[in-house]
Amino acid sequence: MGKTSFAADAAAGVLPRAVSLLRVLAASSGTPLRLTDIAERAAIAPATAHRLLQALMAEDLVMQAGDSKSYQISMGLFCLAASAGGESSGLVKACRPALLRLAGMLSDTVFLLVRHNFDVVCIDRIDGVFPVRSHTGDIGGRVPMGLGQAGVLLLACLPEAEREAVIAYNVPRLSHLNVVDEITLRVEIKHALEQDYVMNRAAGLFPGTVGLSVPIRDARGHVVAAFSIAAPSERLNAERLPLVVQALRREAQTVSALITPFDPALRRPHQYLGTGNRA
């Protein structure tokens, strides 16, 4: 066997081992695992497991849990599946009927969004009859927290220390847009906490478009996701706004009763302020 064939065979063995690490982490149901536990369950040498985990982290498929040395699946892996049209999240399955009802009732584009590190990610979307542009774009799209109605809402609902960390990190990321500064963002956060919803007219980026977002909570009252709509500005006038807010909140309450412990990374996104790719 030549050197080229040997190198190809050696490289081919990397993928199965990396996948075995992902399977081990997935089987933990969201519980972070130490390197030694991962290596043992995957039957891989710790040094090799460490090297592969670092490579997977670089691709935003694996992340470390907060400041610990334990590992878990990153939402980046879900975003990859979501972009391909998969339904790998229990939250997506639980929310899809609500999205369909909202789209049918309102005729506007509706979104399901969650937090991932310093970003907000669209994990499901149903288009309405009125063409609109959105910050996240299609399923799998992400924007920095603080941008768009769901970005403000999910940021506002974080514990104070995490919220401040995200603001400090994201304000410089948003400065080039010339529509978000720290004072404006803090005012929007204050309004979000008072109203329990966010309405964003986004005049600076998408003139003529308005967005509205309400929180989705689990049984303990923790915000885990958001329903949003995007519509032409005239469709969210003073007369229609209260009815739209009521419809979104009603569907959010329906979903809250369906959230299960089998989707922990989406159910408790505020606990996953990881150290992976924050771009």
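The values are calculated or read from the model by the stated rules, or taken from the named source; none is laboratory data. This is a predicted model, so every value here is computed, not measured. Because the Cβ atoms are built from the backbone with ideal geometry, glycine has one as well, and the counts that use them run over all protein chains shown.
Among the residues of segment 50-91, those that are at pLDDT 80 or above and among the polar types (S, T, N, Q) comprise Q54, Q64, S70, Q72, S74. Has segment 135-153 got at least one residue that is at pLDDT 85 or above and surrounded by fewer than 20 Cβ atoms within 10 Å (Cβ to Cβ)? No, segment 135-153 contains no residue that is at pLDDT 85 or above and surrounded by fewer than 20 Cβ atoms within 10 Å (Cβ to Cβ). Evaluate the following for R163: is it among the basic types (K, R) and in contact (Cβ under 8 Å) with a residue 24 or more places away in the chain? For R163, the condition - among the basic types (K, R) and in contact (Cβ under 8 Å) with a residue 24 or more places away in the chain - is met. The number of residues in segment 143-193 that are assigned to a loop (DSSP other than H, G, I, E, B), hydrophobic (A, V, I, L, M, F, W, C) and out of contact with any helix residue (DSSP H, G or I) (no Cβ under 9 Å at 6 or more places or on another chain) comes to 1. Just to be sure, is Y197 among the hydroxyl-bearing types (S, T, Y) and farther than 30 Å from L61 by Cβ? For Y197, the condition - among the hydroxyl-bearing types (S, T, Y) and farther than 30 Å from L61 by Cβ - is met. For V180, the conditions (1) more than 25 Å from L102 (Cβ to Cβ); (2) at pLDDT 85 or above are fulfilled apart from (2).
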